[in-house]
1. For residues in segment 204-262 being modelled with pLDDT under 80 and crowded, with 17+ Cβ neighbours inside 10 Å, which is nearest to residue 28 (Cα to Cα)?
2. Quick one: in segment 118-166, of everything that is modelled with pLDDT of 80 or more and among the charged types (D, E, K, R), which residue is nearest to residue 212 (Cα to Cα)?
3. Please tell me if residue 156 is closer than 18 Å to residue 82 by Cβ and assigned to a helix (DSSP H, G or I).
4. Can you name every one of the helices (runs of 4 or more DSSP H) wholly within segment 172-262 that holds 1 or more residues which are touching a residue at least 40 places away in the same chain (Cβ under 8 Å) and of a type in the set (Phe, Trp, Tyr)?
5. So, residue 52, is that one at pLDDT 85 or above and either aliphatic (A, V, I, L, M) or in a helix (DSSP H, G or I) (or both) or not?
6. State yes or no: is residue 116 in the same structural domain as residue 238 (by TED's automatic domain parsing), in contact (Cβ under 8 Å) with a residue 24 or more places away in the chain and within 22 Å of residue 249 (Cα to Cα)?
7. Considering only segment 21-49, state which residues are assigned to a helix (DSSP H, G or I) and either in contact with a strand residue (DSSP E or B) (Cβ under 9 Å, 6 or more places away or on another chain) or in contact (Cβ under 8 Å) with a residue 40 or more places away in the chain (or both).
Amino acid sequence: MKETKKFKDNWQKYFGPALGIGAVFLIWYLVCRMEMVSAYVLPSPARVWTSFLKMVKTGELWGDISISFLRVMKGFAIAFLFAFVLGTFRALFPGSSVYYEYIVQFFRNVPPLSMIPLLILWCGIGETTKTVIIVLASFFPMYLNIVKGFTGCDSKLLEVGDMFGYSKRRKFFRIILPYARADILVGMRIGLGYSWRAIIGAEMVAASTGLGHMILFAQQMSRTDKVIVGILAIGAVGYVTDRLFGWMIGFVLKGSGENGWN
């Protein structure tokens, strides 16, 4: 029984995903081998692999990855700071939300990429534009999760705080903040994913370096193989950062904050 359960766990964790990925690459290989699609439109896996090795050897790929990564981390950190401060302000002063909540909800429904033309006029095509786009993309999921964590605190815990004579500030730091940490971390994980989506779009429009610019330049040069390398690199780096953040959530919350992510 134990061996069966162990095999099932290993299958779900390792063999199943490997089989799915292998099936995608096999279909890709067969489509190219049978020449069902032009090699200009869809290069073979071997050609993409060769381009990948060449870009790694020259350092081109690592340079673009590092630049995009630093931009994401910078915008993500600024967005989290703003989201946490505004969420804390709302938790401590609930009545204040009437003055800015409608503005937040309005901009939450505005795609950050739609702001690029205006941001270029205001800030140029430097780093500021890309940072603002990342902040706009990642701020809202973090803010909403932070507010959810702060406002969803168990009322019985707050009553216990009242019994001990806790002030509003002490209740926030001793009860509400620890209770909300799972929502905060999950919101940060979602916001990090939105940051990666935003930076690629921003780099395609207002950048001369980074993964987004690399993909756009490769498309202009008709290098579909390099476009695919860029897409795979984005997915791989985003997946690794997400898994690291998920590991941190599991470590901090001792496995209680995975929220369906394995």
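1. 205
2. Residue satisfying both the conditions and the ranking: 130.
3. Answer is no for this residue.
4. 177-205, 224-253
5. yes
6. Against the criterion (in the same structural domain as residue 238 (by TED's automatic domain parsing), in contact (Cβ under 8 Å) with a residue 24 or more places away in the chain and within 22 Å of residue 249 (Cα to Cα)), residue 116 does not qualify.
7. Correct list: 47, 48.
Yes/no matrix, rows are residues, columns are (1) at positive phi; (2) charged (D, E, K, R); (3) not assigned by TED's automatic domain parsing to the domain that holds residue 151:
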position: 22; (1), (2), (3): no, no, yes
position: 26; (1), (2), (3): no, no, yes
position: 54; (1), (2), (3): no, yes, no
position: 58; (1), (2), (3): no, no, no
position: 74; (1), (2), (3): no, yes, no
position: 78; (1), (2), (3): no, no, no
position: 81; (1), (2), (3): no, no, no
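The values are calculated or read from the model by the stated rules, or taken from the named source; none is laboratory data. Because the structure is predicted, anything quoted here is derived from the model rather than measured. Positions of Cβ are generated from backbone atoms using ideal geometry, with glycine treated the same way; all protein chains shown enter the neighbour counts.
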